[in-house]
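Enquirer: One structure, pasted below without further comment.
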Amino acid sequence: MWKSFHHPNVSLPVVRRRIGLELLEMLNLLGEVAVHGAWAFLNNRCYPDHTACVRATDRLSKQGLLVELQGLDTPVLRISDEGSNSLEDYFRPDKWWGKRWNGTWYLLVYDIPEADRPYRNTLRQFLKQQRMGCFQKSVWITSFDIRPQYEDLELAASLGGFACLFEARTVLGMPAEKVVRESWDFDRLFDIQKRFCDIYAENLTLLQTPVSFELDTLMRLAAEEIDAYRSAFALDPLLPNALLPANYMGKKSYALHLKVIQELQSKLSTCNPD
């Protein structure tokens, strides 16, 4: 019924589905309307392995991410402050876009021997998670101050023996726009986020029609939309406004995501009357 985000001609990043985080995202976005009748969908449709869902919920509750209030036939879950803070940054992208850039680049340069390849590969994975850009093979860059993270890596992982962190006002004399283009694949990001906007603009129009949708249908769209949104932002460095390319589609994608979620909340509330 809903138009699918996936397309053979669009290269999407592989986003590892983590059952606990997925449950957290679903509850955070849909709120209380995802608690009562929708709980059955979360148990049986999003997570066919019932035991895995229960265990994930229990683990998150113990960490303060989800709080289960007893006394009702259906579990009532809410997101604690710790849970909100643990959500991926792209669920709060405006926080990062709004950061002021002081004109300083932070460059991490490393030289790790081939014998220490596992160390090097893990470091690269960490740098990607920090949304740093790969300016050159062993030169990674960001507009955000990562000195605290670097100090932690020095103390805990002996990074100082392999790498140095530099601050620079310019990089090889390049304008900031070119540094951004050289360090992050914004062309691929544009294709993915444009695909998201095209598909979910159509799905939103369909959702806004005066038609009564089954709970299962709505929850399926919610799960698919969250997956698509996650893919649309997985490669996004969430740079400050001053550094974003002119054709950047992230803000349009985020605004559309909020509209879809708002409409889903409205439709779900009719399926789950108080």
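The values are calculated or read from the model by the stated rules, or taken from the named source; none is laboratory data. If you're wondering where the values come from, they're calculated on a predicted model, not measured in any experiment. Quick reminder, even Gly has a Cβ in these numbers, built from the backbone with ideal geometry, and neighbours come from all protein chains shown.
Enquirer: Check LEU153 against each of (1) in a helix (DSSP H, G or I); (2) surrounded by fewer than 17 Cβ atoms within 10 Å (Cβ to Cβ); (3) assigned by TED's automatic domain parsing to the domain that holds LYS128 and name the one condition it does not meet.
Expert: Against the list (1) in a helix (DSSP H, G or I); (2) surrounded by fewer than 17 Cβ atoms within 10 Å (Cβ to Cβ); (3) assigned by TED's automatic domain parsing to the domain that holds LYS128, LEU153 comes up short only on (2).
Enquirer: Consider ARG220 carefully, then state whether it is out of contact with any helix residue (DSSP H, G or I) (no Cβ under 6 Å at 6 or more places or on another chain), surrounded by fewer than 17 Cβ atoms within 10 Å (Cβ to Cβ) and not aromatic (Phe, Trp, Tyr). Show your work before the answer.
Expert: Values: out of contact with any helix residue (DSSP H, G or I) (no Cβ under 6 Å at 6 or more places or on another chain): yes; surrounded by fewer than 17 Cβ atoms within 10 Å (Cβ to Cβ): no; not aromatic (Phe, Trp, Tyr): yes.
Against the criterion (out of contact with any helix residue (DSSP H, G or I) (no Cβ under 6 Å at 6 or more places or on another chain), surrounded by fewer than 17 Cβ atoms within 10 Å (Cβ to Cβ) and not aromatic (Phe, Trp, Tyr)), ARG220 does not qualify.
Enquirer: May I pose another question? Which residues, counting only those in the range 243-274, are among the polar types (S, T, N, Q), modelled with pLDDT of 95 or more and crowded, with 16+ Cβ neighbours inside 10 Å? Lay out the reasoning, then the answer.
Expert: Residues of the range 243-274 among the polar types (S, T, N, Q): 247, 253, 262, 265-266, 269-270, 272.
With modelled with pLDDT of 95 or more added as a condition, the list becomes 247, 253.
Scanning the range 243-274 gives a single hit, SER253.
Conditions (1) in a helix (DSSP H, G or I); (2) free of Cβ contacts under 8 Å to residues at least 60 places away in the same chain, marked per residue:
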{"site": "CYS134", "(1), (2)": "no, yes"}
{"site": "GLN149", "(1), (2)": "yes, yes"}
{"site": "LYS178", "(1), (2)": "yes, yes"}
{"site": "LYS194", "(1), (2)": "yes, yes"}
{"site": "ILE199", "(1), (2)": "yes, no"}
{"site": "ALA222", "(1), (2)": "yes, no"}
{"site": "ILE226", "(1), (2)": "yes, no"}
{"site": "LEU235", "(1), (2)": "no, no"}
{"site": "LEU238", "(1), (2)": "no, no"}
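Enquirer: Please go through the range 168-204 and pick out each residue that is of a type in the set (S, T, N, Q) and surrounded by 21 or more Cβ atoms within 10 Å (Cβ to Cβ).
Expert: If the condition is that a residue be of a type in the set (S, T, N, Q) and surrounded by 21 or more Cβ atoms within 10 Å (Cβ to Cβ), then SER183, GLN193, ASN203 are the ones that fit.
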